[in-house]
Amino acid sequence: MTVVQPFWRRRLLPAFLVLLGVNALVLAAWTVPRTLRLRSAAARAEGARGEVARQRGEVARLRERADAIRANTKDLDRFYRKVVGSEQSDLLPTLQEVEDMARAPGLKPGRRTFNREEVKGAPLERVAIVLPLDGSYAQLVGFLREVERSKRFLTVERISMRGQAAGSATLQVELSAYLRAAPPATGRKGRGR
């Protein structure tokens with residue numbers, strides 16, 4: 001005896017199951033790429049937010065650097081205008097002032113020598129002044145204090161000291177004075193007196 005199945009089971013159920021499977025496939029074909037695109041877009045958006053934050057940090061660093069460059073340019077301009085003098089107006093007064101600073105605390109300056117050289121990469125000329133001094137230790141310290149207080153741009157390059165009897169010493173001081181360089185046509189490199 002054969003059992004006859006009802007029509008809905010025989011014909012409609014398989015068609016329904018096939019349609020249900022096709023529907024699931026179409027739904028998956030539609031939603032899976034879209035979900036993947038949304039996830040990819042979210043990942044790209046997160047990466048873009050990170051890149052924007054990194055770029056903002058870089059812009060802030062570049063702005064700080066630009067501010068520092070502007071401040072340095074102002075300082076350099078002020079240095080050239082107010083701190084260093086020109087050779088024509090300041091060389092002899094600077095040399096005289098160094099000798100006066102040596103005599104002020106009671107030192108006995110010897111014969112000074114100087115050498116001039118260009119400062120590489122800057123429109124400056126370095127005048128190296130070598131000055132032998134005789135006096136007590138306190139007088140030598142007083143001279144160095146005067147150099148430090150000078151309104152001129154002087155640097156102490158080297159000091160050598162030899163002690164002598166009765167508390168006196170001989171000091172060999174090399175100072176550098178910086179002046180705006182003369183125009184290159186004069187060709188005065190390395191002269192001394």
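Any read-out appearing in this document is the output of simple, stated calculations on the displayed coordinates, not a laboratory observation. None of these values were measured; they are calculated from a predicted model. For neighbour counting, all protein chains shown are included, and Cβ atoms are generated from backbone atoms with ideal geometry for every residue, glycine included.
What to note about this one:
- Listed residues Thr35, Ala66, Leu171: farthest to the positive end of the dipole of the chain (Cβ charges): Thr35
- Cα convex hull volume per residue for the stretch 85-186 (Å³): 90
- Here the calculated FRET efficiency for Asn23 and Arg49, from their Cβ-Cβ distance with R0 = 30 Å, stands at 0.20, rounded to the nearest 0.05.
- Normalised contact order of the chain, rounded percent, pairs of Cα under 8 Å and 6 or more residues apart: 20
- Cα-centred dipole magnitude for the chain, charges only on beta-carbon of K, R (+1) and D, E (-1), debye, nearest 20: 1280
- Orientation-averaged projected area, Cα convex hull of the chain (nm²): 26.7
- Pairwise Lys count, the chain - Cα closer than 23 Å, eight or more residues apart or different chains: 7
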